[in-house]
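Single-structure report; data block below.
The values are calculated or read from the model by the stated rules, or taken from the named source; none is laboratory data. Computed from a predicted structure; not experimentally measured. Cβ placement follows ideal geometry from the backbone for every residue including glycine, while neighbour counts extend to all protein chains displayed.
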Amino acid sequence: MPEQDRAPAPGGLAAPGPAAESNGTPPGTDGRPVLEVTGLRKEFGTLVAVDDVSFTILPGRSLAIVGESGSGKTTVARMITGLERPTRGTITACGRDRSRPARSARDRRRRGSEIQIVFQDPYTSLDPRQTAEQAVGEVLRLHHGWPADRRQGRIGQLVELVGLDSRQARALPRALSGGQRQRVAIARALAAEPRILILDESVAALDVSIQAQVLNLLADIRDETSVSYILISHDLAVVRQLTDEAIVMYRGRLVERGPTARVLDDPQHPYTQRLRASVPRPGWKPSRRQLVPSEEKGD
Amino acid sequence: MVSAAVGVTGRAARPVSRRGVLGLLRSTGVAGMASAVVIAVATVLAVFGPLLAPYNPKLPDLGMAWIGPTGGHLLGFDFEGRDVLSRLLAGAQSSMIGPLAVVAGSMVLGAVLAVIAGWRQGPLDTVISAGLDILFAFPGILLAVLAAAVFGAGLTAAAVALSIAYMPYVARVLRGAAMKERGQPYVAALEVQGASGTSICLRHIVPNMLPLIVAQATIMFGWAMVDLAAISFLGLGVQPPAPNWGVMISENQPGILQGYPLPSLAAGVCIVGVVIAFNVLGERLFEQAQAARQ
Amino acid sequence: MTGRKGRGPGAGQGDATAAASRGPLLAVDGLTVQLPVEGEHRVVLRDVSLEIRQGEAVGLVGESGSGKSMTARAIDRLLPRGAQVQGQIRFDGRDVSELSGGQLRSYRNRVAMIFQDPRAHVNPVRRIGDFMTEALRTNLGVPAAEAQRKAADILGQVGIEDGRRRLRQYPHELSGGMLQRVMIAAALLTQPALVLADEPTTALDVTTQAEVMAILDELRRGYGLGMLFITHDLELAAAICDRTIVMYAGQVVEVRESALLHSDPLHPYTAALAAARPDIEQRASRLRAIPGRPLSAFEAPAGQCAFAPRCPHALAPCLAAVPELTELDGGLSRCVRVTELRGELEAADA
């Protein structure tokens with residue numbers, strides 16, 4: 001963890017030294033995985049939402065979980081963040097097990113400083129009664145017992161890091177656009193200085209031009225803080241842009257895994273192939289396939 | 001800057017906190033504002049009523065009984081020769097405090113149960129909901145009668161009984177709102193941050209329910225006033241000769257058939273006027289609260 | 001001022017040639033819409049003109065505030081109360097704003113609308129069959145049994161087998177994708193001449209989207225329907241529409257043959273929009289984001305090109321006056337510098 005007392009590097013949080021290379025291990029950490037998930041399984045009554053999912057994330061690397069609705073990708077994210085309890089399997093983050101709910105308030109907070117999440121809908125992921133400054137400040141107060149001026153300073157840094165100005169930081173969510181709200185949500189998540197940031201379709205609801213800004217921002221943040229992203233998305237182009245490795249989920253099962261480039265250029269599993277073929281691009285023409293009744297709800 | 005999306009209705013809701021109380025009242029329309037004025041007047045009377053009364057509301061003078069409006073006595077005299085206007089002014093206090101206590105009690109109890117049930121959900125929610133369902137079965141007045149039988153007649157017993165009777169209403173309405181807030185992503189974000197359930201409930205869920213709470217409380221004030229007036233009318237609430245609008249209706253009732261309806265009706269009008277004001281304002285606020293949640 | 005003569009390539013059916021001589025199916029001319037917001041009137045559409053010929057599919061692409069949805073609502077007379085409308089909308093030669101009562105109902109039978117979120121536009125306590133056959137039974141007087149038969153038929157065409165059983169189901173028993181197919185089927189049941197599809201696949205999974213798009217395309221061609229396909233996805237529109245209209249800040253900024261939209265765009269916004277998308281085939285070191293954010297008509301600076309503040313090619317003439325739509329190479333562009341910039345705007349990576 002970066003030392004708190006060091007003067008902040010210009011433009012952002014205190015970086016732990018020279019910028020990390022995108023493919024190497026960030027300095028200051030060992031090669032241990034930041035996240036290790038094995039045999040993850042979640043049942044809701046008779047429905048198996050997640051069935052035997054395992055993956056590992058090394059420091060500085062980013063993973064995409066690709067899938068559509070019903071794939072279980074969001075359930076996996078909820079289990080990793082502790083919002084849902086796995087039926088079976090283990091989750092180990094930063095060397096510590098978190099397969100079971102946290103037992104103490106201190107435990108909960110520590111987990112919060114390891115893994116954070118940014119949700120999809122910018123309109124409900126912020127408390128409508130809190131300004132950005134207040135939302136970020138609350139997180140800082142939760143994790144650190146700092147005096148007010150130090151806290152204000154860090155709020156300012158985070159706000160600047162996500163590209164908001166001071167007027168926007170003092171505004172209520174209602175006065176902000178979707179893209180600006182997502183920036184606030186990112187700032188709030190980063191306030192905990194997590195090793196892993198889960199982006200649950202975080203850019204899906206944004207306009208194309210704003211999406212590009214936020215994707216650039218996320219890349220910049222990663223360069224500065226060496227955070228690892230878990231990108232949950234069905235948008236393969238975004239997946240390509242932001243992640244190194246990808247796993248593909250279909251109906252709770254992990255059907256394909258590998259480096260993002262390989263999975264997208266040379267998909268092996270029929271579902272991945274179908275997914276790849278469904279993406280609109282210049283010259284693409286949609287084609288029908290036979291409807292398979294058992295796949296569709298209502299049968 | 002207002003966000004780009006104008007929405008199908010073409011109207012963007014402004015946050016309550018921006019508008020302030022005056023702005024909020026203004027947005028309830030003419031009816032809402034008129035009601036607010038009536039309520040304000042009633043509140044002032046409740047506080048200062050006894051001081052404002054021109055004549056002694058408690059001193060009987062049977063020689064003056066049933067005499068109509070004359071001289072300084074704008075509303076005439078009641079069955080015991082007391083000035084009706086003075087008695088109304090003095091009676092405002094007990095007529096308003098009773099409902100206030102009922103609202104306070106039922107809102108606090110109901111809100112606590114609703115938030116706990118909405119937060120924890122699962123078996124605890126089931127138990128709480130079942131308990132509330134049972135309480136629903138008891139009409140307020142029945143409970144008040146029971147309370148009077150057990151603890152003796154009086155405003156306290158009646159207010160407590162009504163609080164308990166109203167509590168399930170409150171809890172049901174607020175539970176829905178609490179569950180909706182609970183399901184919002186920003187609450188999940190706070191959980192992931194490691195914030196405790198209690199702090200999330202107190203700092204985030206309840207404040208976001210405030211418009212609904214205020215609206216519910218306003219409407220309930222009206223109901224409580226009617227119920228308490230009825231209880232006092234039955235002789236189980238405020239005891240005569242203490243001034244109270246409900247009591248006044250009851251004790252002056254014989255006058256109606258004898259051709260002296262004013263004392264009884266005047267008290268009735270006061271109750272009805274204040275109740276309507278609370279109902280109207282409360283419903284307007286309710287609409288605002290619903291609209292704000294869309 | 002309007003220059004509507006985009007030479008959209010024909011749909012390939014005999015209909016199109018006959019249609020060309022009949023005049024456009026839908027002609028929107030100088031449409032300006034203001035909505036009342038908090039006591040003031042805000043412009044949301046500014047001088048929008050477009051044309052759809054019989055059997056032609058036209059895409060309408062834009063981001064938030066572009067006015068694309070509002071245009072569709074204006075065409076279907078679904079604007080909110082208090083909206084001020086200027087300009088004309090003519091369907092089959094008749095002014096839409098003058099229709100009322102029975103005429104309006106029959107207009108709505110001929111112009112079908114498909115919405116983004118099917119669940120929000122269907123009554124959850126009525127069966128699918130009742131919902132689908134309502135227009136047939138009440139407006140067109142078709143007997144119930146025959147209406148049900150037709151409904152089951154068309155469900156088959158959208159890929160839902162066992163139509164009879166589905167007709168008895170309720171909306172919540174169907175997934176989002178299936179419900180959207182039902183909506184498409186319902187829209188086609190009254191044999192409309194024009195389909196307004198407002199982001200019909202945005203809420204769907206990408207594989208379902210591909211399927212639904214294919215169905216929409218196939219049926220549209222089969223029935224020779226005109227279509228206005230609204231989306232934020234440039235490539236999606238290009239996939240099934242012959243011509244694409246790009247909107248920004250409540251105005252039409254470009255009209256172009258879909259095939260040329262990427263290789264030879266006529267407006268900097270179109271090019272920027274295409275360039276801002278990440279490429280599924282390779283990772284860019286940095287995406288070419290457009291600075292600022294998309295504006296609504298009332299937020300955009302007046303008396304100048306609305307896109308100028310964000311445009312990398314903006315010069316003094318762009319700030320002097322609102323640019324007119326100029327015709328170029330069979331397309332239209334609202335850029336004063338279009339001829340100079342031609343060829344420099346292509347969306348491919350630099």
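Data overview
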| item | result |
| --- | --- |
| Search result, residues across the stretch A:184-209 that are over 23 Å from A:I65 (Cβ atoms), within 12 Å of chain C (Cβ to nearest Cβ) and either part of a helix (DSSP H, G or I) or modelled with pLDDT of 95 or more (or both) | A:S209 |
| Strands (runs of 3 or more DSSP E) contained in the stretch C:18-81 and holding at least 1 residues touching a Cys at 6+ places or on another chain (Cβ under 7 Å) | C:57-61 |
| Within the stretch A:116-156, tally of residues that are assigned to a helix (DSSP H, G or I), of a type in the set (S, T, N, Q) and within 11 Å of another protein chain (Cβ to nearest Cβ) | 1 |
| Members of the stretch C:120-149 that are touching a residue at least 60 places away in the same chain (Cβ under 8 Å) and among the β-branched types (V, I, T) | C:V122 |
| Residue within the stretch C:260-278 that is in contact with a Lys or Arg (Cβ under 9 Å, 6 or more places away or on another chain), closer than 23 Å to A:A212 by Cα and without any contact (Cβ under 8 Å) to a residue 40 or more places away in the chain present | yes |
| Any chance C:A144 is at pLDDT below 90, of a type in the set (G, A, S), more than 28 Å from C:Q54 (Cα to Cα) and more than 26 Å from the chain's Cα centre (by Cα) | yes |
| Scope the stretch B:147-197; condition in contact with a helix residue (DSSP H, G or I) (Cβ under 6 Å, 6 or more places away or on another chain) and acidic (D, E); matching residues | B:E181 |
| Single residue of the stretch C:278-306 satisfying the filter (under 25 Å from C:T71 (Cα atoms) and facing chain A (nearest Cβ under 7 Å)) that is modelled with the lowest pLDDT | C:R293 |
| Conditions (1) touching an Asp or Glu at 6+ places or on another chain (Cβ under 8 Å); (2) more than 7 Å from every other protein chain (Cβ to nearest Cβ); (3) not hydrophobic (A, V, I, L, M, F, W, C); number of the one not met by A:D266 | (1) |
| Residue in the stretch A:104-114 that is away from chain B (no Cβ under 14 Å) and either in contact (Cβ under 8 Å) with a residue 24 or more places away in the chain or closer than 23 Å to A:L218 by Cβ (or both) present | no |
| When residues of the stretch C:82-96 are limited to those that are in contact with a strand residue (DSSP E or B) (Cβ under 7 Å, 6 or more places away or on another chain) and outside any strand (DSSP E or B), the one surrounded by the most Cβ atoms within 10 Å (Cβ to Cβ) | C:V96 |
| Criterion (over 30 Å from B:K180 (Cβ atoms) and surrounded by 16 or more Cβ atoms within 10 Å (Cβ to Cβ)) met by exactly one of B:L236, B:L281 | B:L236 |
| Matching residues, the stretch C:28-69, being more than 16 Å from C:V253 (Cα to Cα) and crowded, with 18+ Cβ neighbours inside 10 Å | C:V33, C:Q34, C:L35, C:V37, C:R42, C:V43, C:I52, C:R53, C:Q54, C:G55, C:E56, C:A57 |
| Leading residue by the ranking (farthest from the other protein chains (Cβ to nearest Cβ)) among those in the stretch B:189-216 that are over 27 Å from A:L197 (Cα atoms) and in contact with a Gly (Cβ under 8 Å, 6 or more places away or on another chain) | B:Q216 |
| Residues satisfying the stated conditions in the stretch A:66-103, i.e. in a loop (DSSP other than H, G, I, E, B), away from chain B (no Cβ under 14 Å) and free of Cβ contacts under 8 Å to residues at least 12 places away in the same chain | A:S69 |
| Test: A:V214 is part of a helix (DSSP H, G or I) and at the interface with chain C (Cβ under 10 Å from one of its Cβ atoms) | yes |
| Residue selected from the stretch C:70-81 under the condition under 12 Å from the mean Cα position of the chain (by Cα) and among the hydrophobic types (A, V, I, L, M, F, W, C), by the criterion surrounded by the most Cβ atoms within 10 Å (Cβ to Cβ) | C:M70 |
